[in-house]
1. Compute the label zone of His84 within region 39-74: residues whose backbone N is under 17 Å from the point 7 Å along Cα-to-Cβ.
2. Plugging the Kirkwood radius over Cα pairs into Stokes-Einstein for region 300-344, at a temperature of 4 °C and a viscosity of 1.567 mPa s, what D comes out in µm²/s?
3. Mind checking the angle between helix 73-84 and the chain's longest principal axis? C-alpha axes, 0 to 90 degrees, to the nearest 10.
4. Any idea what Rg and Dmax come out to for the chain if you just take the C-alpha atoms, in Å?
5. Given R₀ = 35 Å, what would the calculated FRET efficiency be for Glu199 paired with Asp322, taking r from the Cβ atoms and rounding to 0.05?
6. Within 10 Å, at most 12 other Cβ atoms, and a DSSP state outside H, G, I, E, B define an exposed site. Report the longest part of the chain free of exposed GluC sites (Glu not before Pro).
7. Kirkwood Rh over alpha-carbon pairs of region 37-195, then Stokes-Einstein at 10 °C and 1.306 mPa s: what D in µm² s⁻¹, rounded to an integer?
8. Counting Lys and Arg as +1 and Asp and Glu as -1, what is the net charge of the other residues whose Cβ lies under 11 Å from the Cβ of Ala117?
Amino acid sequence: MRLFLAALILIVGTIPAGAQWLDRPTPGIPRTPDGKPHLTAPAPRGPDGKPDLTGVWNGPVSEPRLDPANAQPWVNDLARQRQHDYYRARPSYQCLPSGPEADRFAGWKRLLQTPTAIAILNDDLTYRVIFMDGRELEANPAPSWMGYSVGRWDGDTLIVDSVGFNDKTWLSQRGLPHSEALRVRERYRRPDVGHLQVEVTFTDPATYAKPWGVTANMALAADTDMLESVCERSSEHWAGSLSDAANRAVSVAPDVLARYVGVYSGLYQGNKRTVEMSLSGGQLIATFAGAAGVDGGETRPLVPLSQTPFEGLGLFYQLSVDDKGMPTDVVEIRASGPYRYPRQP
């Protein structure tokens with residue numbers, strides 16, 4: 001039986017074996033008596049007295065929860081079609097910029113703040129510039145992948161407005177589209193040294209009835225540095241669909257599927273990753289959480305290929321069981337290697 005599709009070849013982050021500066025102390029931050037970063041100390045401030053957002057930040061992806069009734073009917077149809085095709089058209093899977101995708105406001109990034117501009121450098125080597133020099137947004141900007149952004153301070157909150165996105169990007173890794181009329185507003189708050197909250201609101205009347213958004217809670221990545229995570233092979237080589245998986249599916253007894261329900265936790269590329277297995281309508285569902293790059297916070301329906309191997313939107317999952325048929329862990333098969341998540345008590 002062919003258990004692997006070409007769709008198993010996902011984007012692999014390039015992590016050099018001799019990566020530099022991963023254990024270099026971050027200069028200029030307050031420290032506790034034992035030398036550790038004092039992450040609850042007051043936030044640093046720039047020459048203008050406003051919070052200085054400069055630093056390397058990381059945080060878990062927050063899965064957007066959109067009410068389907070808020071979207072135009074064609075939006076839900078398109079999102080279902082993109083899921084059916086294993087999301088192969090997602091820009092980041094095609095080695096293209098993610099633009100305003102909600103899932104990408106978290107993850108690894110470096111912020112550099114100056115009086116006239118703030119630069120956001122992403123680990124996939126894309127970047128944004130937020131202009132702080134008082135300019136207004138263009139009334140009719142040429143569509144671009146990352147859009148155009150201007151910022152201003154409201155007390156200690158940085159407010160960023162962005163327009164000018166092309167409609168090639170998504171608003172969620174789950175396939176939600178947008179039009180070129182999209183406007184994005186971000187609110188950045190740094191309450192102390194170690195924490196940064198980003199509230200994102202999407203407004204696109206041509207696509208969604210009401211504004212909606214997501215919140216990313218970021219933590220300062222002190223005493224380390226950001227590694228690049230580069231798309232090395234495009235999804236244009238993927239093959240297969242949910243229909244193909246369904247055609248290979250077998251029937252597994254409900255009591256067997258019920259045994260697999262639970263929480264599994266381990267490491268994915270050095271980051272903690274939690275997999276929660278649940279049953280919905282007789283189908284096993286895997287929900288993922290944790291700092292796992294672009295895939296954190298996702299949900300995957302699992303199609304049984306026999307009693308223990310499953311396919312989930314182009315990835316392969318193997319349940320390991322003991323001599324009594326009880327699960328001990330789940331193994332996630334990716335292009336970058338197998339990842340084992342032991343079952344938690």
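Since every read-out is calculated from the coordinates, none of them should be taken as a lab result. None of the values given here were measured: they were computed from a predicted structure. Every residue, glycine among them, receives a Cβ derived from its backbone with ideal geometry; neighbour counts consider all protein chains shown.
1. Within reach of a label on His84, which here means backbone N under 17 Å from a point 7 Å along Cα→Cβ, region 39-74 contributes 73-74.
2. On the way: Rh = 10.9 Å.
Result for D is 119 µm²/s.
3. So the helix axis and the longest Cα principal axis differ by about 60 degrees.
4. Over the chain's Cα set, Rg and Dmax evaluate to 21.5, 68 Å.
5. Numbers: r = 45 Å, r/R0 = 1.30.
It comes out at approximately 0.15.
6. Details: sites that count: Glu136, Glu138, Glu232.
Counting only loop sites that pass the neighbour cut-off, the longest clear stretch is 1-135.
7. Values: Rh = 17.1 Å.
It diffuses with D of about 93 µm²/s by this estimate.
8. On the way: positive: Arg128, Arg135; negative: Asp133.
Every neighbour counted, the sum reads +1.
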